[in-house]
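This report concerns only the one structure given below.
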Amino acid sequence: MSDLVRLGRNADGGYLLPREVLNEIDGCLSFGLGAEWSFEQALFELKNGTIKPGNIVFFDASISVFGILKSLIYMGRRTIYEIRMRRPKSERKFKLEDLKRSLIALVIYLPTFKWRKNRFRHIRKFVVHQAKKSNEISFVEALSYRTDPKRTIVKIDIEGGEWDLIRNEQDVDLLADVPVLIMELHDTRRTEFLQVVEFLKEYFWIAHLHGNTSGRGTELGMPLYIEMTFVNKRFLPHSGIRTNLPIDGLDFPVRPGEAPYEFVFGNA
């Protein structure tokens, strides 16, 4: 589509979706928080007060003030060790940029989820198909946090856990009203990959996809991780099929400096 807009930073965490659909959005459920929520922040700011902060809900049991501090201490000690050992930058497990990013995440996390009166909601639970532990919430219950299912984006970025959520057509039926579904799909060599995409096409058309340029690919040359934007079919596309990706000025590598993954589509 020609009216795609990028929300989030120009690296991992940013996603594209049609500008027109944004007029119909007043909430977002994000399965997976990590140390990066620029997409949700950009959505909130773009809507200029028409989205209540409490309608932006994150689910992730791995993130907390204590957890981020613990990670910072570990990365700091490891970074100092590798510098003292004069290990080449290309061989270091952590880089100063990673440490800086986590430190910024902590500084932003506190006012975003703790201190501010009107703050985003963070449910410290993992979204799974069927909850069995105290730190888990079922897929069905997590979706119940939508104030209006027809006006709430669902974003799934849970490092492979998406396969547990969407197993069959019945699971996809739960998403039938979602205006925009954003997913990062891991391990595209799985037979379930094409099956899940086929299930989703019952209710959605694919507005955009982006290859995660982490240097890993399948035997057929596909990126091992793909970020996809699905738009509900009640919103009709206003342009034809795009034949080439990435899109200049909108698509960026997951990590700065990496070569973009290129897609070329035929007429079939």
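The values are calculated or read from the model by the stated rules, or taken from the named source; none is laboratory data. Note that the structure is a prediction, hence the values are computed from the model and not measured. FYI the Cβ positions are ideal-geometry reconstructions off the backbone, even for glycines, and counts take in every protein chain you see.
Annotations
- Scan of segment 4-44 for residues that are among the small types (Gly, Ala, Ser) and either in contact (Cβ under 8 Å) with a residue 60 or more places away in the chain or over 24 Å from TRP205 (Cα atoms) (or both), ordered by number: ALA11, GLY14, GLY27, SER30, GLY32, GLY34, ALA35, SER38
- Residues that are assigned to a loop (DSSP other than H, G, I, E, B) and of a type outside the set (A, V, I, L, M, F, W, C), drawn from segment 126-151: HIS129, GLN130, LYS132, LYS133, SER134, ASN135, SER144, TYR145, ARG146, THR147, ASP148
- Which numbered condition ILE73 fails, given (1) surrounded by fewer than 18 Cβ atoms within 10 Å (Cβ to Cβ); (2) of a type outside the set (S, T, N, Q); (3) not assigned by TED's automatic domain parsing to the domain that holds LEU110: (3)
- Filter pass, HIS186 being in contact with an Asp or Glu (Cβ under 7 Å, 6 or more places away or on another chain), in contact (Cβ under 8 Å) with a residue 12 or more places away in the chain and closer than 22 Å to VAL254 by Cα: yes
- Yes/no for THR112 being surrounded by 13 or more Cβ atoms within 10 Å (Cβ to Cβ), modelled with pLDDT of 75 or more and in contact with a Lys or Arg (Cβ under 9 Å, 6 or more places away or on another chain): no
- Selection of first residues in segment 150-168 that are under 14 Å from THR229 (Cα atoms) and in contact (Cβ under 8 Å) with a residue 24 or more places away in the chain and of second residues that are of a type in the set (D, E, K, R) and assigned to a helix (DSSP H, G or I), restricted to Cβ pairs under 8 Å at least 6 apart or on distinct chains, gives the following pairs, ordered by first then second residue: LYS155/GLU40; ILE156/GLU162.
- The residue that is farthest from the chain's Cα centre (by Cα), counting only those in segment 153-210 that are crowded, with 19+ Cβ neighbours inside 10 Å and acidic (Asp, Glu), is GLU162.
- Residue, modelled with the lowest pLDDT, within segment 48-83, restricted to residues that are in contact with a helix residue (DSSP H, G or I) (Cβ under 7 Å, 6 or more places away or on another chain) and not in a helix (DSSP H, G or I): ILE51
- Filter result (modelled with pLDDT of 90 or more, farther than 23 Å from ARG234 by Cα and in a helix (DSSP H, G or I)) within segment 4-39: PHE39
- Scan of segment 240-254 for residues that are in contact (Cβ under 8 Å) with a residue 40 or more places away in the chain and over 19 Å from the mean Cα position of the chain (by Cα), ordered by number: ARG242
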